[in-house]
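The values are calculated or read from the model by the stated rules, or taken from the named source; none is laboratory data. Since the structure is predicted, the reported quantities are computational estimates derived from the model, not experimental observations. We place every Cβ from the backbone using ideal geometry, glycine too, and count neighbours over all the protein chains shown. Areas reflect the complete protein model, heavy atoms only, side chains present, ligands, DNA and RNA absent. Shrake-Rupley method; radii C 1.70, N 1.55, O 1.52, S 1.80 Å.
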Amino acid sequence: MSGTSFDFELFIIGGGSGGVRAARMAAARGARVALAGFARMGGTCVNVGCIPKKLYSYAAHFGEGFADARGYGWRLPAAPTLDWEALKAARAGEISRLNGVYEGLMAGVACFNGRALLLDAHTVEITAADGSITRTSAERILIATGGTPFVPDFEGRELAITSNEIFDLPTFPRRLLVAGGGYIGCEMASIFNGLGAQVTLAYRGEQILRGFDDEIRAHIAAQMQGHGVTIRLHSDITHITRTNGGLLVQLSDGESLEADAVLSATGRRPNIDGLGLEQLGVKLSKSGAIDVDEHFQSNIPSIYAIGDVVGRKALTPVALAEAMTLVDELFGAPEGKAPRVMDYDNIPSAVFTHPPIGTVGLTEAQARAGGRAIRVYVSEFRPLLHTLTGSGERSLMKLIVDDASDRVIGLHMAGADAAEITQGFAVAMQTGATKAQFDATIGIHPSSAEEFVTMREVTRR
Ligand code: NDP
C-alpha cells in the first residue's frame with residue numbers, strides 16, 4: 001500500500017510533550033496526521049511533572065523569601081501561612097489553561113480520545129471512554145506514551161503515593177516521607193520542606209542524586225539538610241501500616257517514623273501496557289523501553305517511538321528534540337535545515353532542589369575515566385544575597401577542563417538560578433568553548449554566573 005491508501009500518513013499515540021510536538025510539526029509540513037490520547041493534553045510534564053513542580057517550587061521559595069526579607073529590613077506582621085487549597089486551585093487553573101493551549105495546537109490534526117491498541121503494523125483501534133471503537137490505518141505509527149511511576153514491592157505499598165498524586169493531596173502533609181534520591185525525590189523533598197512540611201528523604205545508596213557530579217551531590221545534600229530536610233542514607237521502606245494519626249513507616253535502617261504521606265519517587269517505567277506491542281513482536285529493551293535505532297524506528301519498520309517510552313533521557317526538551325528530528329527525517333526539514341541524527345551529548349539539565357542544581361557535560365568522575373588529563377576549577381561561596389539574610393546557604397560552581405584541548409567538558413552548579421545560568425553556558429559548551437574563551441569573556445558583576453568566567457586558580461588536576 002502506498003501512503004495515500006492509508007487513512008493517515010502518521011498516527012501518534014500519546015498527547016504528551018513528544019507526541020504533541022510531532023503531531024504539530026508533521027501537520028505543519030502538510031502530512032495527514034492523527035493523535036490518540038486518553039489523558040489530559042500535555043502529558044506528564046504539563047499535568048503532573050515539570051510545570052506543577054516548578055509552580056510549587058516558586059511557592060516554596062516564598063517561604064524562604066519571607067525569612068530572608070527580615071535581614072533586609074522588612075518587618076512581616078506574623079508568621080505567614082500557606083493556604084494549600086488556594087495553591088492547588090491556582091495550579092489547577094493554570095494547568096487547565098495549558099491543556100487548552102495544547103488542544104489549540106492540534107488544529108490540523110485528527111484527534112481521537114481513547115485508548116489505542118495496535119492491531120497490526122498499520123492498524124490502530126481506539127476505544128473511547130464510552131466503549132465505542134474506531135479503527136483506522138496509518139502508513140507510520142509513532143508511540144509517544146511516556147512513562148509511569150514505579151513503586152517497589154513492599155508491604156503496604158498501596159499506602160504510598162507517587163508524583164501523580166502529590167500535587168493534589170486532599171490535605172497538606174505536615175510530615176512527609178520521600179523514598180528515592182533521584183530528580184523527583186530530591187525536588188519534592190525540597191519543595192514540601194519549603195512549603196512547611198517536616199520532610200524525611202530515605203535513599204537506599206551512599207549519597208543522593210547518583211549519576212551527578214560527586215562534589216555537587218555532597219554539596220546539595222548539605223544544603224538540603226541546612227534548609228531542614230532530614231536525609232537518611234542506606235535507608236529504604238520495608239513496610240507501611242496505617243495508624244490512627246497517619247502512616248507508620250518502617251525503614252530498612254531500623255528506624256520507624258510516622259508520616260501523613262509517603263511519596264515513592266523510585267523511578268519511572270515506560271508506558272507500554274495495553275498497546276499490543278507484544279502480539280506485534282515489537283522489540284523491547286531489558287527495562288521495557290521500546291528499542292529503536294537512531295532514526296527512532298523499531299524492529300517493525302512502520303512503528304516508531306520517541307520520548308520517555310524509549311527511555312534514553314527522560315526530559316521534556318529531549319522528547320521535543322526527538323520529535324523534531326523524526327519529523328524532519330520523515331517529512332522533510334524546513335528550508336535551509338539539513339536532517340540530522342539526534343545528538344545526546346551536552347544535554348543540560350536542572351534539578352529544582354532548593355537551591356537548584358544545573359549541569360551540562362561530564363562529571364569529574366566521567367571526565368577522569370580512561371586516564372584523561374583534566375583541570376578542575378571549584379568555587380564554593382556564600383552568595384551576596386545571603387550576606388544580609390543570615391541563611392547558611394552556599395553555592396558551588398565547578399568547571400572541568402580537558403587539558404589536551406582546553407575545552408570545558410563539564411560545568412556544574414548548585415545555587416540560586418542554576419537552571420537559568422546553566423542554559424546559557426550550555427550554548428558555549430555545545431560550540432566547544434575552551435577555558436581560554438571562558439577567561440576572555442567579561443563577567444556580569446555582581447552575579448553568581450560571573451564565577452564561571454573568573455575561575456583562574458586550578459583547584460586540582
Ligand atoms: P530517578 O531515576 O531520577 O531516581 C530514582 C530514585 O529511586 C533513585 O534514587 C534510585 O536509587 C531509587 N530507586 C530506584 N528503584 C528503587 C527501589 N526498587 N527501591 C528503592 N529505591 C529505588 O527517577 P525519578 O522517578 O526521580 O525521575 C524519573 C525521571 O524523570 C528522571 O530520571 C528524569 O529524567 C526525569 N525528571 C526530570 C526532572 C528535571 O529535569 N528537573 C524532574 C523530575 C523528573 P539508585 O540511584 O540507587 O538507583
Q. Within segment 32-56, how many residues turn out to be under 23 Å from Gly307 (Cβ atoms), within 24 Å of the chain's Cα centre (by Cα) and not in a loop (DSSP other than H, G, I, E, B)?
A. 15
Q) What residue, among those in segment 193-247 that are more than 15 Å from the ligand (Cβ to nearest atom) and in contact with a His (Cβ under 9 Å, 6 or more places away or on another chain), is nearest to Phe154 (Cα to Cα)? A) Asn193
Q: Would you be able to say whether some residue in segment 167-186 is under 20 Å from Gly19 (Cβ atoms), at pLDDT 95 or above and touching a Leu at 6+ places or on another chain (Cβ under 9 Å)?
A: no
Q. Is it fair to say Phe381 is within 30 Å of Trp74 (Cβ to Cβ) and open to solvent by 30 Å² or more (accessible area, probe 1.4 Å)?
A. yes
Q. From Ala27, Ala60, Ala36, Ala22, which residue is open to solvent by less than 30 Å² (accessible area, probe 1.4 Å), in contact with a Leu (Cβ under 7 Å, 6 or more places away or on another chain) and within 23 Å of Ile126 (Cα to Cα)?
A. Ala22
Q.
Where the second residue is among the aromatic types (Phe, Trp, Tyr) and assigned to a strand (DSSP E or B) and the first is under 11 Å from Thr359 (Cα atoms) and lies in segment 389-414, which pairs have Cβ atoms under 6 Å and are six or more apart or on separate chains?
A. Leu399/Tyr377
Q: Sort through Ile409, Ile357, Ile421, Ile374 and tell me the only one that's open to solvent by less than 70 Å² (accessible area, probe 1.4 Å), of a type in the set (Val, Ile, Thr) and closer than 20 Å to His445 by Cβ.
A: Ile421
(Q) If Gly73 satisfies all but one of (1) among the small types (Gly, Ala, Ser); (2) under 30 Å from Gly185 (Cβ atoms); (3) not in a helix (DSSP H, G or I), what's the number of the condition it fails? (A) (2)
Q: May I ask you to list the residues in segment 263-299 that are open to solvent by less than 50 Å² (accessible area, probe 1.4 Å) and under 30 Å from Asn193 (Cα atoms)?
A: Leu263, Ser264, Ala265, Thr266, Gly267, Pro270
Q: Of the conditions (1) surrounded by 21 or more Cβ atoms within 10 Å (Cβ to Cβ); (2) closer than 27 Å to Lys53 by Cα; (3) aromatic (Phe, Trp, Tyr), Tyr344 clears all except one; give me its number.
A: (1)
Q.
Just to verify a result, which residue in segment 126-148, among those that are within 16 Å of the ligand (Cβ to nearest atom) and open to solvent by less than 30 Å² (accessible area, probe 1.4 Å), is farthest from the chain's Cα centre (by Cα)?
A. Ala144
Q) Among the residues of segment 300-332, how many are in a helix (DSSP H, G or I), more than 14 Å from the ligand (Cβ to nearest atom) and open to solvent by less than 10 Å² (accessible area, probe 1.4 Å)? A) 5
**Q.** Residues within segment 155-190 that are more than 8 Å from the ligand (Cβ to nearest atom), touching a strand residue (DSSP E or B) at 6+ places or on another chain (Cβ under 9 Å), open to solvent by less than 30 Å² (accessible area, probe 1.4 Å) and not hydroxyl-bearing (Ser, Thr, Tyr), tallied
**A.** 11
Q | Subset of segment 97-114 [more than 27 Å from Ile133 (Cα to Cα) and of a type in the set (Gly, Ala, Ser)] | A | none
(Q) It is to be established whether one or more residues within segment 254-262 are near the ligand (Cβ under 10 Å from one of its atoms), small (Gly, Ala, Ser), under 26 Å from Val351 (Cα atoms) and in contact with an Asp or Glu (Cβ under 9 Å, 6 or more places away or on another chain). (A) no
Q.
Taking the condition of being closer than 19 Å to Gly15 by Cα and part of a strand (DSSP E or B), how many residues in segment 253-296 meet it?
A. 4
Q: Considering each of Ala426, Ala350, Ala414 in turn, give the residue that is within 16 Å of the ligand (Cβ to nearest atom), farther than 21 Å from Glu187 by Cα and buried (at least 18 other Cβ atoms within 10 Å of the Cβ).
A: Ala426
